[in-house]
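The values are calculated or read from the model by the stated rules, or taken from the named source; none is laboratory data. All of these numbers come straight from a predicted model, not from anything done at the bench. When we count neighbours, we look across all protein chains shown, and the Cβ atoms used for this are built from the backbone with ideal geometry, even at glycine. SASA here: full protein model, heavy atoms, side chains in, ligands and nucleic acids out. Shrake-Rupley method; radii C 1.70, N 1.55, O 1.52, S 1.80 Å.
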Amino acid sequence: MVHKVFSANMALLVLFSTVSFTVEKHFCGDVLIDTSIFNSAEKCTPDNAEVKTAVDCCKDILDIIKGQDELSVKALQDLDFDHQLFLSTLTYSYLNLFEGLPELVVPHQNYSPPNLIADIQILDQVFII
């Protein structure tokens, strides 16, 4: 269970570190009218403007948050000899952990019990309490 949670967290970390997005803010004068992350910010109009100002004093500010652009993927040949030796030894020892168990010998597997003609406990009136 811990392994699954750790793997999911690492996948989310890689996803969020590589995502880029833009935050758009729209100001009318010094008043923030709208903020948007994925869509464009709503512009101020005379209907929705909280502060009655001229349209030419409105401004848009874009904050661009860049994620990681390049992820390095290394092949086994790119590693030095010590790391290659460590990885190959770790892989070999890890795979040998899961060898199959030897097949257990059950001596009475094909034994069929004899047919009971009479119940001896009832005949002898011997009961286990």
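Here are the numbers for this structure:
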read-out: ³J(HN,Hα) computed for each position of the stretch 108-122 - Karplus, 6.51 cos²θ - 1.76 cosθ + 1.60, integer Hz, glycine/proline x; value: 9, 5, 9, 7, 10, x, x, 6, 8, 8, 9, 7, 5, 5, 6
read-out: Cα long-axis angle, helix 81-96 against the chain (0 to 90 degrees, to the nearest 10); value: 40
read-out: Karplus 3J(HN,Hα) series, Hz, for the stretch 102-107 with 6.51 cos²θ - 1.76 cosθ + 1.60 (x for Gly, Pro); value: x, 5, 6, 8, 9, x
read-out: Residues whose placed amide H lies under 5 Å from that of C58, excluding near-sequence neighbours; value: G29
read-out: 27 Å Cα-Cα reach of K43 towards lysines, excluding residues that sit fewer than 8 places from it in its own chain; value: K25, K52, K59, K66
read-out: Pair-distance profile P(r), taking every C-alpha pair of the stretch 65-129, with 5 angstrom steps and integer %; value: 3, 9, 8, 8, 8, 8, 7, 6, 5, 5, 5, 5, 5, 5, 5, 6, 3, 1, 0
read-out: Accessible area per residue, Å², the chain with all protein chains present, probe 1.4 Å; value: 94
read-out: Options (1) 2.66; (2) 0.98; (3) 1.05 - which one matches Cα Rg over 2.2 N^0.38 Å as calculated here; value: (1)
read-out: Amide proton proximity set for D34, modelled H, under 5 Å, gap of 5+; value: H26
read-out: Residue among Q84, V73, Q121 farthest towards the positive dipole end of the stretch 61-127, charges placed on Cβ; value: Q121
read-out: Helix-only [θ]222 nm of the chain, DSSP H runs n ≥ 4, -39500 (n - 2.57) each, per residue, nearest 500; value: -9500 deg cm²/dmol
read-out: Percent accessible area from carbon and sulfur atoms, the chain, protein chains only, probe 1.4 Å; value: 63
